[in-house]
Amino acid sequence: MIVRRRAAVVLLLALAAVGIAACGGGNNVSPQTATVPPTAAVSTPPPATTVVATGTVSTQIRSLDLRKTAPVQQLLTATGGQFVASQVIYADLTGNGVEDAVVPISSGGTLGDIAYVVLAPGPNGVVALPMQKGVTSSGGIAVKVVGGKLVDIRPEYGPNDPNCCPSMLRETTYAWNGKELAVVSTLTVPNPNGGLKRTPGASVSPAAPNSAPNAP
């Protein structure tokens with residue numbers, strides 16, 4: 001019995017030594033035989049898309065026959081003037097990236113334009129943009145667009161100015177304020193082609209040098 005017990009103890013010690021050798025020295029494990037757990041796949045989001053403003057303005061109003069629109073028809077009836085398609089000015093006056101149309105109404109004669117309306121694309125064709133009323137005057141009207149603003153040019157007559165040629169011009173500038181085209185400035189400037197015209201062929205005596213009217 002004693003012999004068997006000693007043999008059993010020896011056997012147990014041998015098995016224990018084998019287990020220790022297997023679990024102990026990590027330095028004895030070849031790196032080629034080590035098992036590396038798989039790395040979890042990481043989803044990389046695509047780069048954000050940057051929208052670059054191109055400054056492109058919608059020109060859909062150019063495809064409309066503005067002569068037949070209600071605001072133009074009403075103005076033609078009220079003034080007796082004429083619609084001239086080539087005189088229409090297209091520009092974005094409200095800053096929304098969509099062209100508007102400044103439609104002058106011509107007198108059909110030497111007076112030039114006598115009225116105008118500013119149209120914007122609407123859900124059912126076009127709508128007339130509201131405008132703050134500026135100072136009016138007799139005579140023709142000229143309009144232009146500068147830097148997205150509407151400039152209204154009207155004559156300022158002096159006491160001796162002929163109807164054709166006012167000596168001064170009043171320029172009223174309108175800008176969109178979110179609700180209407182409002183007056184932002186009014187400027188009176190000399191008319192380079194205005195004033196009293198001398199009779200063709202008549203001579204004008206030059207002023208005497210160093211002359212000073214009403215000098216003491």
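Of the residues screened, residue 63 is not one that is among the small types (Gly, Ala, Ser) and touching a residue at least 24 places away in the same chain (Cβ under 8 Å). When every residue of region 48-64 is checked against the conditions, at least one turns out to be assigned to a strand (DSSP E or B) and either among the polar types (S, T, N, Q) or modelled with pLDDT of 95 or more (or both). Please go through region 128-155 and pick out each residue that is without any contact (Cβ under 8 Å) to a residue 40 or more places away in the chain and hydrophobic (A, V, I, L, M, F, W, C). The answer is 141, 142, 146, 151, 153. Of the candidates 194, 139, the single residue that is within 22 Å of residue 74 (Cα to Cα), modelled with pLDDT under 90 and surrounded by 13 or more Cβ atoms within 10 Å (Cβ to Cβ) is 139.
All conditions but one from (1) at positive phi; (2) modelled with pLDDT under 95; (3) among the small types (Gly, Ala, Ser); (4) surrounded by 10 or more Cβ atoms within 10 Å (Cβ to Cβ) apply to residue 148; the one that does not is (2). Among the residues of region 124-159, those identified as part of a loop (DSSP other than H, G, I, E, B) and under 20 Å from the mean Cα position of the chain (by Cα) are 129, 130, 147, 148. Within region 74-119, the set of residues being β-branched (Val, Ile, Thr) and without any contact (Cβ under 8 Å) to a residue 12 or more places away in the chain comprises 77 only.
Listed by first and then second residue, the pairs linking a residue in region 156-172 that is in contact (Cβ under 8 Å) with a residue 24 or more places away in the chain and over 15 Å from residue 135 (Cα atoms) to a residue that is of a type in the set (S, T, N, Q) and in a loop (DSSP other than H, G, I, E, B), with Cβ atoms under 8 Å apart and 6 or more places separating them unless they lie on different chains, are 158/167; 161/167; 164/110; 165/191; 165/193; 166/191; 167/191.
The values are calculated or read from the model by the stated rules, or taken from the named source; none is laboratory data. Quantities reported herein were computed from a predicted structural model and do not represent experimental measurements. Counting neighbours? That spans all protein chains shown, and the Cβs are built from the backbone with ideal geometry, glycine included.
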